[in-house]
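Asker: Dumping the structure here so I can ask a few things about it.
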Amino acid sequence: MRRKWLILAMALVLVLSSVGPVFAAVDIASALAYLKTQQNEDGGFGSGFSPGSSLISTADVVLAIVAVGGDVATFQRDGQTPLTYLAAQAPSATTAGDLAKLILAVVAVGQDPRAFGGVDAVAKLETMIGADGRIGGAQDTFVSHLYAVLALASAGRPIPASAVNAIKKAQQENGGWAWDGTLTTAVDTNTTAFAVQALIAAGEPAGGEAVTRALGYYKSIQNDDGGWPYQNPSDYGTLTDANSTAVTIQALIAAGQQVTGAEWTTPSGQNPLSALEALQNESGAFMWKADVPGDNLLATVQALPAVAGKAFPLARVPAAAAAPTTLPVTGGPALNLAWLLVLSGLAVGGGGYLLYRRK
């Protein structure tokens, strides 16, 4: 009997270790507590560069909270929450970037992106699909297009082949993408991460040429500490930063990569997750990078989905749903948190039996 318990406990430990980022050594509670200190009186959040709230920054915070299993409703200032702020701002969302972030956040919390704040954000976004497949207007960048593809996938809407081809055509020889989607501007890790997630969300295979080339790009510039900078080479330094490492982790997760596995472990024994973990401050916030050690709002917001093992979109409305109010199906390569807790409990229980209540 004891041998059976030992086998069961070992098997459960192997299962739990295989999910990687979900059990990152990051203090999630303190990170969420830090985010609460950054909330404005209107319920929204700023970017960290300016104090005023913005739709995009607030949507990003909502995604971060949901990714780690937090409750958005508990983020209140004078009765205002991030969702009440987003609902108030929804009618003013006119760019593809704004609409895409709004949709991703609304679907993530299980609400209807076709009626949130009295606006059909999905319909508005779909009117911005150009003849060449690019999504957005004059104020939108290539990154906006990538987020728009993610948003359409989240809303359960068909993604035009031309929109996917626009992403593929913008990939440079080294496997990366530039923020403006041209073949002349230097590529960066962040745009590449959004491109990979958008392609996979649109149905491109993780083993396809575009994603494989992107993974090669990441492998070629990974720092010895396991993380990534915004660009390499760069006139501004190539130290690992939390933002770039986090979004790269999301791209790897979307592509089915084990970020703590041997393939992404450097000769020094470091991996992307350990590099990101090292950048959390005692306050719970993440710093941008080691030589700029102060608390950084944007770094914290971008780090949380990565340490939770979640790629974008966090949730999807089933494409066949007749009503847009259908609750989303959360996805990603990580196991459902409830099942992880059950497995964790079983593993601890099995270990406790063998060790006579030692934990």
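The values are calculated or read from the model by the stated rules, or taken from the named source; none is laboratory data. Since this is a predicted model, take the numbers as computed values, not measurements. Cβ: placed from backbone, ideal geometry, glycine included. Neighbour counts: every protein chain shown.
Asker: Could you list, in sequence order, all residues of the stretch 280-306 that are of a type outside the set (Gly, Ala, Ser) and either surrounded by fewer than 17 Cβ atoms within 10 Å (Cβ to Cβ) or under 19 Å from Ile221 (Cα atoms) (or both)?
Answerer: Selection gives Glu282, Trp288, Lys289, Asp291, Val292, Pro293.
Asker: Right, next: Residues of the stretch 41-77 being surrounded by fewer than 16 Cβ atoms within 10 Å (Cβ to Cβ) and touching a strand residue (DSSP E or B) at 6+ places or on another chain (Cβ under 7 Å), which ones?
Answerer: Selection gives Glu41 alone.
Asker: Before we move on, is Gly351 modelled with pLDDT under 95, part of a helix (DSSP H, G or I) and surrounded by fewer than 17 Cβ atoms within 10 Å (Cβ to Cβ)?
Answerer: No: the conditions fail for Gly351.
Asker: Turning to a different aspect of this structure: In the stretch 210-221, is there at least one residue being over 28 Å from Ala148 (Cα atoms) and at pLDDT 95 or above?
Answerer: Yes, the conditions are met somewhere in the stretch 210-221.
Asker: Within the stretch 29-55, which residues are among the acidic types (Asp, Glu) and in contact (Cβ under 8 Å) with a residue 60 or more places away in the chain?
Answerer: If the condition is that a residue be among the acidic types (Asp, Glu) and in contact (Cβ under 8 Å) with a residue 60 or more places away in the chain, then no residue fits.
Asker: List the helices (runs of 4 or more DSSP H) inside the stretch 189-304, counting only whole elements, that have at least 2 residues being within 30 Å of Asn40 (Cα to Cα) and in contact (Cβ under 8 Å) with a residue 40 or more places away in the chain.
Answerer: Qualifying helices (runs of 4 or more DSSP H): 189-201, 242-254, 272-277.
Asker: Is there a residue in the stretch 5-21 that is within 22 Å of Leu297 (Cα to Cα), part of a helix (DSSP H, G or I) and at pLDDT 95 or above?
Answerer: no
Asker: Restricting attention to the stretch 261-276, and to residues there that are surrounded by 20 or more Cβ atoms within 10 Å (Cβ to Cβ) and over 11 Å from Asp225 (Cβ atoms), which single residue is nearest to the chain's Cα centre (by Cα)?
Answerer: In this case the residue turns out to be Leu273.
Asker: Quickly run through the stretch 131-161 and pick out the residues that are more than 21 Å from the chain's Cα centre (by Cα) and among the charged types (D, E, K, R).
Answerer: Once the filter is applied, which keeps residues that are more than 21 Å from the chain's Cα centre (by Cα) and among the charged types (D, E, K, R), the stretch 131-161 yields Asp132, Arg134.
Asker: Let me spell it out: the conditions are (1) of a type outside the set (D, E, K, R); (2) within 25 Å of Lys310 (Cβ to Cβ); (3) touching a residue at least 40 places away in the same chain (Cβ under 8 Å), and Gly181 meets all of them except one. Which number is the exception?
Answerer: Among (1) of a type outside the set (D, E, K, R); (2) within 25 Å of Lys310 (Cβ to Cβ); (3) touching a residue at least 40 places away in the same chain (Cβ under 8 Å), Gly181 violates only (2).
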